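The values are calculated or read from the model by the stated rules, or taken from the named source; none is laboratory data. Just so it is clear, the model here is predicted, and its values are computed rather than measured. For neighbour counting, all protein chains shown are included, and Cβ atoms are generated from backbone atoms with ideal geometry for every residue, glycine included. These area figures cover heavy atoms from the full protein model, side chains too; ligands, DNA and RNA do not enter into them. Shrake-Rupley method; radii C 1.70, N 1.55, O 1.52, S 1.80 Å.
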Amino acid sequence: MSDVDVFDPRVFARGVPHDELRRLRDTEPVAWQEEHEVLDWPSGPGYWAVTRYADVKHVLRTPEVFSSWLGATQIRDPEPDDLTFIRRMILNMDPPEHNRLRRIVAAVFTRRRLERSAEQIAERARALIGAVVPRGRCDLPVEVTDDFPLLNLADLIGVPPRDRGLLLKWTNRVIGYQDPEHAEVVRGPDGKPLNPRSPALLADMFGYAQELAEAKRRDPADDLMTALVQATVDGRSLDDAELRMFFFLMVIAGNDTVRSALPGGVLALLQNPGEYRRLRADPSLLPSAVEEMLRWHPPVLTFRRTAAVDTELGGQRIAAGDKVVVYFASAHYDERQFPDPYRFDVSRTPNDHLAFGQGPHLCLGAHFGRLQMRVFFREFLTMLPEVRLDGEVRRLTSNFINGVTHLPLRW
């Protein structure tokens, strides 16, 4: 058992614990991690923390050994009564059922559809950045980057403008449940907090998703929800529960990954001013710079799997039923994969990071995420002079999302 704590979300609120993760990579690449009580949230059974790049990639590519379905994909165990419901989400499925749903979504989530929105995304970036330019300062997440992916996603899905604030509310509830600024703690009869991913606490979100799907059936539009309602593969379409789950996934995963990556990328530039000036001088480096930002500041810190069979990984014997948690924030700094990994290099090539996953769960929205990042940083570098930090950086209290909640800037 390791004496390094890379479970506590409060550890990540202080910044990614790079020294501790490097120590695990070097000495215990698959280490047993205690899952202690955090604030009001109960302790768990513990899990195997996987920190080397090759091992992380192996776990993600072998669902027959490391299952998403058995215990879902969050570190905390879901309530047993909720597990059947949670397994209806594609994120928590294994092949072959996962493959059927993925084919349906991939048929509508096309590059052509996403590229059609590029100019609208650029206009939104210019509007949000332009609103703060004359003031000479801003809190980037609060005033610019929280709204940017949320509004882009709302356009893509087909959420009416009057309802778009709900998307941020739901995202904060699910992702920020342990963060003192964003948490909406709901307690059960016993006084203990209820899991924010439980069906009971998502009833309003799923009810809205059902209403939106029905509205698109009655009045189709050129948006993703309409396409999902109409899509069929091999004669099968999505049922109502699957549509609700896809709405959940698009709203939470589609929003919060880019929402975290944008201020994380800006912070990377501020921490590496030489590379910041290099990128400003040569915008052709932007595509590789975006990939380096994703390596340097992966939006997702961890993902959980459950061992389906007795196996061995990194010299450790893992029993069927054990939780196994991969650490992207460690794998991206593994010297065995990335030369000089603690150097931020806007021209790094190759850059085989894992920010959008690997294997059967490779993110369907990866192209949309990259598109938004390229467009945002093109406008950021063009519209603003070189910016500098103007106060304390605050991070999300989470061991799942690598969030930056406050990034005060001035220019």
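Before moving on, here are some points about what is shown:
- Subset of the stretch 214-240 [assigned to a loop (DSSP other than H, G, I, E, B) and loosely packed, with under 13 Cβ neighbours inside 10 Å]: D219, A221, D222, D234, G235, D239
- Residues of the stretch 127-141 classified as part of a helix (DSSP H, G or I) and either within 24 Å of the chain's Cα centre (by Cα) or free of Cβ contacts under 8 Å to residues at least 12 places away in the same chain (or both), total: 7
- The residue that is modelled with the highest pLDDT, counting only those in the stretch 61-84 that are open to solvent by 60 Å² or more (accessible area, probe 1.4 Å) and within 26 Å of G188 (Cα to Cα), is L70.
- Matching residues in the stretch 174-198 - criterion: being among the charged types (D, E, K, R), open to solvent by 30 Å² or more (accessible area, probe 1.4 Å) and under 14 Å from S398 (Cβ atoms): E181, R197
- Checked against the criterion of being in contact (Cβ under 8 Å) with a residue 24 or more places away in the chain, in a loop (DSSP other than H, G, I, E, B) and under 28 Å from D5 (Cβ atoms), the candidates P63, P95, P78 yield just one match: P78.
- Residue tally, condition out of contact with any strand residue (DSSP E or B) (no Cβ under 8 Å at 6 or more places or on another chain), farther than 23 Å from G391 by Cβ and open to solvent by less than 30 Å² (accessible area, probe 1.4 Å), over the stretch 289-323: 6
- Spans of strands (runs of 3 or more DSSP E) in the stretch 301-366 with at least 2 residues under 13 Å from the mean Cα position of the chain (by Cα) and on the phi < 0 side of the Ramachandran plot: 302-307
- Within the set L201, L166, the sole residue that is open to solvent by 20 Å² or more (accessible area, probe 1.4 Å) and in contact with a helix residue (DSSP H, G or I) (Cβ under 7 Å, 6 or more places away or on another chain) turns out to be L166.
- Of the residues making up the stretch 241-279, not one is open to solvent by 40 Å² or more (accessible area, probe 1.4 Å), aliphatic (A, V, I, L, M) and farther than 30 Å from L389 by Cα.
- Qualifying position, being touching a helix residue (DSSP H, G or I) at 6+ places or on another chain (Cβ under 8 Å), surrounded by 20 or more Cβ atoms within 10 Å (Cβ to Cβ) and in contact (Cβ under 8 Å) with a residue 24 or more places away in the chain, among V30, V38: V30
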